[in-house]
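Down below is the structure, laid out as structure tokens.
The values are calculated or read from the model by the stated rules, or taken from the named source; none is laboratory data. These numbers come from a predicted model, not from an experiment. Counting neighbours? That spans all protein chains shown, and the Cβs are built from the backbone with ideal geometry, glycine included.
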Amino acid sequence: MSRRRPPRSTPSSACSAASSGWTKRHRSKPTYDQHRHFLRAFVRHPGHRVLPPHQVTVQIVEDCLDETPGWKKSRRNAIRMLLRAFKWGVKRKIIVANPIVGIEMPGKTRVLN
């Protein structure tokens, strides 16, 4: 009888499960699309797919955000999506701990009409 190994926990598995799971069922399509966009960009960043969640650091996330210049105004939202995905993964026991719990959240930008 062969033993099946449990699936390996990765940031990709946590982000994918959060996006396709709860967000898809409980949020509007535009919100789901935005979540999926940010989470996919993070997990597709070089090295993140194979990195165990406990090795993800605030610095890795900030480097990813810095290398995506179009996200300057969306940085706060991108961080919120990642925090939420990792928190969801912890609640569902997909990952053990949220690796970016201490990340600094940028202030809200005010739009003047």
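List of remarks:
- Residues located in the stretch 7-40, provided they are modelled with pLDDT of 75 or more and crowded, with 19+ Cβ neighbours inside 10 Å: 35, 38, 39
- Inside the stretch 36-83, residues that are farther than 15 Å from residue 102 by Cα and not in a helix (DSSP H, G or I) make up a count of 13.
- If the condition is being touching a His at 6+ places or on another chain (Cβ under 6 Å) and either exposed (fewer than 14 other Cβ atoms within 10 Å of the Cβ) or among the aliphatic types (A, V, I, L, M) (or both), then the stretch 47-97 contributes only 81.
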